[in-house]
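Colleague: Here it is: the structure, laid out below.
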Amino acid sequence: MHSVGKDGVRREMRARRKALAPDARQRASQTICAKLVADETIAGACGRGVVAVYLASPEEIDLADFIRAMLDKGVAVAAPRWNGETYDLARLMGLSEDCLRRGPMNILEPVNAELVSPADVAVWIVPGLAFAADGRRIGYGGGWYDRLMAVSGNALKVGVAHQFQIIADLPCEPHDVLLDRVVTPESVI
C-alpha cells in the first residue's frame, strides 16, 4: 500500500470505514473506550495534565464513553476548536448541547470554553485513517494533530482505529509525529 502514497491510503481507508455497519462501529467504539479507561498508563498520565480528545464524525471511533469517564473522574479534557484559521484546543465541559457547537467541518467542538495550551496535554487520543505498528499515522491531510502534538513534548500519544486500519507500511514525512500506541477493538499495538 506504501506505493499508492498518502492520498491512496486515505481513499481506501475512507471507503472501508464508510462500508462499516453503524452497529459494528458502535461496538468498536465501546470496546476501545473501555480499553482506554482501563489503561493504567493513560490513567497515570491523566494526573499530570490535560487529556486531549476529538469529537467524532459519524464514521470515526466515538470517544463519548471515554470522555464521560474522564469528566466523571474530574480529569481536564480538551478537544479541537476552529478559531477561523486553524484548530486550538478548548476545555470540554461535557457532551450536552449547551457545551458543544457544530464547527465549519460539521464536527462538534467545545463552545464558550477556555483555551488549553498543547504544552499542558499529558495524553492525546487521536483519530486517523491508517496506522502502522511503529507509530506512524496518516490523518486527513491538514496536519492539525501533528502541529498540536509536536508542542506537547513527551505526552502519551494514542491512536484509535479499527483493526483493518493497521497496515504494514505507511509513507512518513519529517513533520509527522509518531504515536506511542494504537488501540483497536482486538489489540493494543
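Colleague: Return the pair list, or none, for Cβ contacts closer than 6 Å from residues in region 121-149 that are closer than 18 Å to THR184 by Cβ to residues that are surrounded by 18 or more Cβ atoms within 10 Å (Cβ to Cβ) and among the aromatic types (Phe, Trp, Tyr), at least 6 apart or on different chains.
Modeller: VAL126/TYR145; PRO127/TYR54; ARG137/PHE131; GLY139/TYR145
Colleague: With respect to the numbered conditions (1) at pLDDT 90 or above; (2) over 17 Å from MET13 (Cβ atoms); (3) buried (at least 21 other Cβ atoms within 10 Å of the Cβ), which one is the sole condition not fulfilled by SER152?
Modeller: Evaluating SER152 over (1) at pLDDT 90 or above; (2) over 17 Å from MET13 (Cβ atoms); (3) buried (at least 21 other Cβ atoms within 10 Å of the Cβ) leaves (1) as the failure.
Colleague: Separate question: Within region 164-182, is even one residue within 20 Å of ALA69 (Cα to Cα) and surrounded by 14 or more Cβ atoms within 10 Å (Cβ to Cβ)?
Modeller: yes
Colleague: Same structure, new question: Can you find a residue that is within 18 Å of ARG181 (Cβ to Cβ), at pLDDT 95 or above and either hydrophobic (A, V, I, L, M, F, W, C) or surrounded by 12 or more Cβ atoms within 10 Å (Cβ to Cβ) (or both) anywhere in region 10-18?
Modeller: Narrowing region 10-18 to residues within 18 Å of ARG181 (Cβ to Cβ): none.
No: zero hits.
The values are calculated or read from the model by the stated rules, or taken from the named source; none is laboratory data. Small disclaimer: the values here were computed from a predicted structure and weren't measured. Positions of Cβ are generated from backbone atoms using ideal geometry, with glycine treated the same way; all protein chains shown enter the neighbour counts.
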